[in-house]
């Protein structure tokens, strides 16, 4: 019996020795890099992880990010104590006692998890080992590969413990650990799930995020709130167990509901989506001209840059809320007005033309499929998401159904900027980035309608036409058989009345706008537009006065800035500066104000007075009557031919805002009541400005006043609204006959029939 025991002991000792030797040799092979390279101490001391670049609003709010991995690094002093306590209590209770490897946990993993296949034994990795995994990843998933991985991570962990302090390791860990929804690092997770910085995390919030580390998808608080809540409470229990938390406080924390304030920083979600894409394009161009300290180009997605913009976060929020409120109502009215006669229903050509533009249609056509077969393929129904104002609808529809749905949508663009500096405060490029990535601020050019008329009247004043000049509303046929007409009759239907420039502009009288332009000279009008920052090619035609030129929203906004910037053009801009993650400024931008006046100060005062009249009784009067806005506001409505485009330009002492509404395929509004600028575009500005009024933060903007009109100009702002033709002119005028411009020009001097002047 003794012999047997002695023999058994020897065998066991032999097996143990061989196992230990084999394990040592295996460990040595991993250490020597036979299973893959292991970073050296030097490499570990130069750890540099890719970080998301941040888009920052004027008051420091985070607008969005550009990233391959959503990560933002912060320093140790930004971690609240309860966050560190939650992490250590849950992930590595002996963190401060080991040198990177927890022997007890490692032996448990080796014997239970690997040899006995007991999955409940846990992972056994220390925070340092987990950091090694976060930094260098895992590739092998088989049994041998797992052993190699554990040894490899242990070696890296030991090396890091010799290089870095415990605080440094915790900092590296919390800045690199993966959280739910493709989010890396505690700061990104805090911002995404709770819309707060790490330093402001509550005990419950910190426990929720730490709880997801066990399995980020399984415990995702957005997708699995109940499961996440249970895991959060386990973390809180662990904190109490290891004396990091008073039991009473722990109980209270466990009773708190799981409240998320989820922020979408995805490319097509969140705030200012179209702006962020335009910003990405612009920043990419800027970075192409710069080099970092190593002489290499900066990487927008990896380098953790901070891009400071001119966007006002709260203003942008108000603008988007106003847009959604107005456009959802307008879309319903638009569809109801057309009913069964909608062009997208009865005009099959509209849908067919758009189908032929689809990449899949072109691809199948190139592959030899006939049109009929392609249409059959595109008619197959499947589950898909369709944009709707009340929600994203999941429906069974075909590609053709989807196309028809999007064809009928109205779209919009809205821009607000500081007139004095050109700094863009709000930017709405469309109704929804997911539904349509086309940016109606930077990429679209549309006919501007009557919003061009202020430029015509400015040119008239600059070229000697007096502010108290009066013009008749009679129709005139211009070269090319063009006869502009008015959308409505004057308030007094006397054919012998002549109306003041102020009345004509504020009530958007088409016939008079063209007459003012023709007397000023089309070339002079174009020159004036250029002085006001318009760079587009303008057509030399009489209809230019009615806005047949196509401009972008940004160009139109720029043209209106001189009215409240002492006559100087402010060039719109939206980037203040770009910094590295260490705070080094690598690009900086300042206002670009024109050096030459666009027009005289007298013209500026007179034009602001005319634009104020548009709001105080003219085509934009619903700002007062419907929305009860009592602020100093001037502006101009605009509606293009056949009600295809609706515009409103709002001019306030501190802010210039341009709103456009229309359909991308030029499907018009069915009637002018619905499609005029005062109805389709103006309400968006009115709702936006009402929100600004409700926030005292913007008192400096909303309570600002226009300058008082200088004494020597007061009389020109108080012209008689109408003057009646003299007897002899009435005697030789047939009010029912449309005049020919050439004939009228010949007779211009006779009885001054083209226009008349007030006698002061």
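Filtering 379, 419 for residues that are in contact with a strand residue (DSSP E or B) (Cβ under 6 Å, 6 or more places away or on another chain) and either under 30 Å from residue 592 (Cα atoms) or modelled with pLDDT of 85 or more (or both) leaves a single hit, 419.
Scanning for something farther than 20 Å from residue 424 by Cβ, outside any loop (DSSP other than H, G, I, E, B) and outside the structural domain of residue 427 (by TED's automatic domain parsing), does region 270-277 turn up at least one residue?
So in region 270-277, the residues farther than 20 Å from residue 424 by Cβ come out as none.
Within region 270-277, not a single residue is farther than 20 Å from residue 424 by Cβ, outside any loop (DSSP other than H, G, I, E, B) and outside the structural domain of residue 427 (by TED's automatic domain parsing).
Condition first: within 17 Å of residue 408 (Cα to Cα) and surrounded by 12 or more Cβ atoms within 10 Å (Cβ to Cβ). Can you find one or more residues in region 360-382 that meet it? No, there is no match, as no residue in region 360-382 is within 17 Å of residue 408 (Cα to Cα) and surrounded by 12 or more Cβ atoms within 10 Å (Cβ to Cβ). When residue 543 is tested against (1) at pLDDT below 95; (2) part of a loop (DSSP other than H, G, I, E, B); (3) touching a strand residue (DSSP E or B) at 6+ places or on another chain (Cβ under 8 Å), only condition (2) is not met. Can you name every one of the helices (runs of 4 or more DSSP H) wholly within region 351-444 that holds 3 or more residues which are out of contact with any helix residue (DSSP H, G or I) (no Cβ under 6 Å at 6 or more places or on another chain) and over 30 Å from residue 554 (Cα atoms)? Of the helices (runs of 4 or more DSSP H) lying wholly inside region 351-444, those with at least 3 residues that are out of contact with any helix residue (DSSP H, G or I) (no Cβ under 6 Å at 6 or more places or on another chain) and over 30 Å from residue 554 (Cα atoms) span 359-366, 371-378.
Can you tell me which residue in region 674-703 is surrounded by the fewest Cβ atoms within 10 Å (Cβ to Cβ), limited to those that are assigned to a helix (DSSP H, G or I) and free of Cβ contacts under 8 Å to residues at least 24 places away in the same chain? First the steps, then the outcome.
In the first step, residues of region 674-703 are kept if they are assigned to a helix (DSSP H, G or I); the result is 674-675, 677-680, 682-693, 696-702.
Still in the running and free of Cβ contacts under 8 Å to residues at least 24 places away in the same chain: 696, 699.
Working: 696: 9, 699: 11.
Checked region 674-703; the qualifying residue surrounded by the fewest Cβ atoms within 10 Å (Cβ to Cβ) is 696.
Kindly provide the set of residues from region 571-595 that are assigned to a strand (DSSP E or B) and closer than 16 Å to residue 427 by Cβ, ordered by number. Answer for region 571-595, where residues must be assigned to a strand (DSSP E or B) and closer than 16 Å to residue 427 by Cβ: 571, 573, 575, 576. Taking the numbered list (1) crowded, with 16+ Cβ neighbours inside 10 Å; (2) under 19 Å from the mean Cα position of the chain (by Cα); (3) outside any loop (DSSP other than H, G, I, E, B) in turn, residue 328 passes all entries but (1).
Kindly indicate whether any position in region 336-353 is touching a strand residue (DSSP E or B) at 6+ places or on another chain (Cβ under 7 Å), touching a residue at least 12 places away in the same chain (Cβ under 8 Å), within 28 Å of residue 668 (Cα to Cα) and not assigned by TED's automatic domain parsing to the domain that holds residue 665. Steps first, answer last, please.
Looking only at region 336-353, we keep the residues that are touching a strand residue (DSSP E or B) at 6+ places or on another chain (Cβ under 7 Å), and these are none.
So far as region 336-353 goes, no, none of its residues is touching a strand residue (DSSP E or B) at 6+ places or on another chain (Cβ under 7 Å), touching a residue at least 12 places away in the same chain (Cβ under 8 Å), within 28 Å of residue 668 (Cα to Cα) and not assigned by TED's automatic domain parsing to the domain that holds residue 665.
Picking from residues in region 50-62 that are touching a strand residue (DSSP E or B) at 6+ places or on another chain (Cβ under 8 Å) and not in a strand (DSSP E or B), the one that is nearest to residue 284 (Cα to Cα) is 52.
Rundown of residues vs (1) modelled with pLDDT under 95; (2) closer than 28 Å to residue 505 by Cα; (3) touching a strand residue (DSSP E or B) at 6+ places or on another chain (Cβ under 6 Å), yes/no style:
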residue: 403; (1), (2), (3): yes, no, no
residue: 408; (1), (2), (3): yes, no, no
residue: 433; (1), (2), (3): yes, no, no
residue: 436; (1), (2), (3): yes, no, no
residue: 441; (1), (2), (3): no, yes, yes
residue: 457; (1), (2), (3): no, yes, no
residue: 475; (1), (2), (3): yes, yes, no
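Within region 63-104, the set of residues being modelled with pLDDT under 90 and not in a loop (DSSP other than H, G, I, E, B) comprises 64, 65, 66, 70, 71, 91, 103, 104.
Would you point out which residue out of 288, 303 is under 27 Å from residue 71 (Cβ atoms), surrounded by fewer than 22 Cβ atoms within 10 Å (Cβ to Cβ) and free of Cβ contacts under 8 Å to residues at least 12 places away in the same chain?
Residue meeting the stated conditions: 288.
So which residues in region 620-643 are in a loop (DSSP other than H, G, I, E, B), more than 12 Å from residue 681 (Cα to Cα) and modelled with pLDDT of 95 or more, if there are any at all? Answer for region 620-643, where residues must be in a loop (DSSP other than H, G, I, E, B), more than 12 Å from residue 681 (Cα to Cα) and modelled with pLDDT of 95 or more: 621, 626, 627, 628, 629, 630, 631, 632, 633.
Taking region 182-197 as the range and being assigned to a loop (DSSP other than H, G, I, E, B), farther than 21 Å from residue 126 by Cα and either in contact with a strand residue (DSSP E or B) (Cβ under 8 Å, 6 or more places away or on another chain) or at pLDDT below 85 (or both) as the test, only 182 passes.
Checked against (1) modelled with pLDDT under 95; (2) over 20 Å from residue 438 (Cα atoms); (3) under 22 Å from the mean Cα position of the chain (by Cα), residue 318 passes all but condition (1).
Criterion applied to 256, 272, 250 was being at positive phi and modelled with pLDDT of 90 or more, and the one residue passing it is 272.
Any residue at all in region 239-253 that is under 28 Å from the mean Cα position of the chain (by Cα) and assigned to a helix (DSSP H, G or I)?
no
The set of residues in region 533-548 being in contact (Cβ under 8 Å) with a residue 60 or more places away in the chain and surrounded by fewer than 24 Cβ atoms within 10 Å (Cβ to Cβ) consists of 533, 534, 536, 541, 542, 543, 544, 548.
The values are calculated or read from the model by the stated rules, or taken from the named source; none is laboratory data. Computed from a predicted model, the values in this text were never measured in an experiment. Quick reminder, even Gly has a Cβ in these numbers, built from the backbone with ideal geometry, and neighbours come from all protein chains shown.
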